[in-house]
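What follows is one structure encoded as structure tokens, with my remarks underneath.
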């Protein structure tokens, strides 16, 4: 009985680990440039009225593939800032501001032309 329980726990742990690894493999990084303030959405569920900002912008991979992506910022992002946005399908996982010098030159040219 103990052996069957341990086997079941092992199978469950492996299934969860496999699912997490599969999701990490599906992620793709997009470079974006913030060109507007985004659309503010107020959260009135707390007394501080926090707001988030939704952004819809051109995202470009290192391979030069462009796509319109949508993500939510927890604050208004600085105009002209370059970001990398990790996408899993059409869902943004995370974003991080990067230096302009870290953006590949071909990608930067396309982002600057928008």
**Item:** Helix-only [θ]222 nm of the chain, DSSP H runs n ≥ 4, -39500 (n - 2.57) each, per residue, nearest 500
**Value:** -9500 deg cm²/dmol
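For the chain, rounded, prolate or oblate, judged on the Cα gyration tensor with a ≥ b ≥ c (square roots of eigenvalues), a/c < 1.5 rounded, else prolate if a/b > b/c? Show your work: numbers first, answer last.
Working: a/c = 3.60, a/b = 1.62, b/c = 2.22.
Judged from the Cα gyration tensor, the chain comes out oblate (a/c at least 1.5, b/c at or above a/b).
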**Request:** Give the distance, in whole Å, between the Cα centre of the range 5-36 and the Cα centre of the range 87-114.
**Result:** 22 Å
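Mind ranking 10-18, 97-105 by how tightly packed they are, going by the mean number of other C-beta atoms within 10 angstrom, highest first?
Details: 10-18: 10.0, 97-105: 11.9.
Ranking, from highest mean packing down: 97-105, 10-18.
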**Message:** Run the numbers for residue 7 and residue 110: contour at 0.36 nm per residue of separation, minus the present Cα-Cα distance, in nm.
**Reply:** 31.8 nm
**residue 93 versus residue 74: modelled label distance in nm, points set 7 Å from Cα along the beta carbon direction** = 1.8 nm
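Here, each number is a calculation from the coordinates, and none is a lab measurement. What you see is a predicted model; the values in this text were computed from it and never measured. Glycine gets a Cβ as well: all are built from the backbone with ideal geometry, and neighbour counts include every protein chain shown.
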